[in-house]
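Working notes, beginning with the structure itself.
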Amino acid sequence: MTQETAPTPEVLREARERARELIRCGFQEPAEIAESLVEVLDDQGLTQEEAERIVAPLWDERLAEQASWPATTDVDRLAAAFDALEEEGVVAAMDFTCCAGCGYAEIGGEADEGSRGFVFFHQQDTETAADGQGLMLRYGGFHAEGEATEVSERRTGEVGRAVVAALEAVGLPVEWDGSPHTAIRVAPLEWLNRLPE
């Protein structure tokens, strides 16, 4: 198909469903969501204009839903925990990069000189959480060149304990076995993330 070909009803359905998923995640602006749709579906005839027409009413629908949400949602609590961790010298990034590999590779670029460690969840984690399956958090300590493995593991464990404490302090349920090799899971978690203003 060429770009001049009108998208089929199936393509439009797929675009609407994907737009709903991205809106439910709550981190992207309408134009970014439309661009994401086009990136995936432009070879099937979806144009930027059509994508924007799909996103607009779904965005308005979500804004209307937000009016009935509680004053403080689980995602607000999560953001508060991440803010507290930042105050403790832990780089805390929400919806950071596309996947775990990219997140681990890029999180060091977010660190300040005094940062002792990090915690993040990536875009795929966000989608999983928005789908009602809980949220996985990746974390670790920043390691010095040539540092012994046991020192690195101890620092990572310390960051893991700080993350758990911050989450529990805001009332979020946490699953973690205490191992520096295991991701921290926040579940159950009701994913109500207000859209960017």
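The values are calculated or read from the model by the stated rules, or taken from the named source; none is laboratory data. Since the structure is predicted, the reported quantities are computational estimates derived from the model, not experimental observations. All Cβ positions, even for glycine, are placed from backbone atoms using ideal geometry, and neighbour counts span all protein chains on display.
Observations on the model:
- All positions within the range 18-33 that are free of Cβ contacts under 8 Å to residues at least 40 places away in the same chain, among the small types (G, A, S) and either surrounded by 18 or more Cβ atoms within 10 Å (Cβ to Cβ) or within 12 Å of L195 (Cα to Cα) (or both): A19
- Within the range 54-69, the set of residues being touching a helix residue (DSSP H, G or I) at 6+ places or on another chain (Cβ under 9 Å) and not small (G, A, S) comprises I54, V55, L58, W59, E61, R62.
- Lone unmet requirement of (1) modelled with pLDDT of 95 or more; (2) surrounded by 14 or more Cβ atoms within 10 Å (Cβ to Cβ) for G171: (2)
- Total residues in the range 43-74 satisfying the condition of being assigned to a helix (DSSP H, G or I), closer than 30 Å to V119 by Cβ and over 20 Å from the mean Cα position of the chain (by Cα): the figure is 1.
- Within the range 34-63, if we keep just the residues that are without any contact (Cβ under 8 Å) to a residue 40 or more places away in the chain and over 12 Å from A15 (Cα atoms), the residue that is surrounded by the most Cβ atoms within 10 Å (Cβ to Cβ) turns out to be A56.
- For the range 105-153, the candidate set comprises residues that are among the hydroxyl-bearing types (S, T, Y) and modelled with pLDDT of 95 or more; within that set, the residue that is surrounded by the fewest Cβ atoms within 10 Å (Cβ to Cβ) is T128.
- Of residues in the range 19-39 being assigned to a helix (DSSP H, G or I) and over 19 Å from T128 (Cα atoms), the one nearest to the chain's Cα centre (by Cα): E32
- All positions within the range 84-106 that are in contact (Cβ under 8 Å) with a residue 24 or more places away in the chain and within 15 Å of the chain's Cα centre (by Cα): V91, A92, A93, M94, D95, F96, T97, C98, C99, A100, G103, Y104
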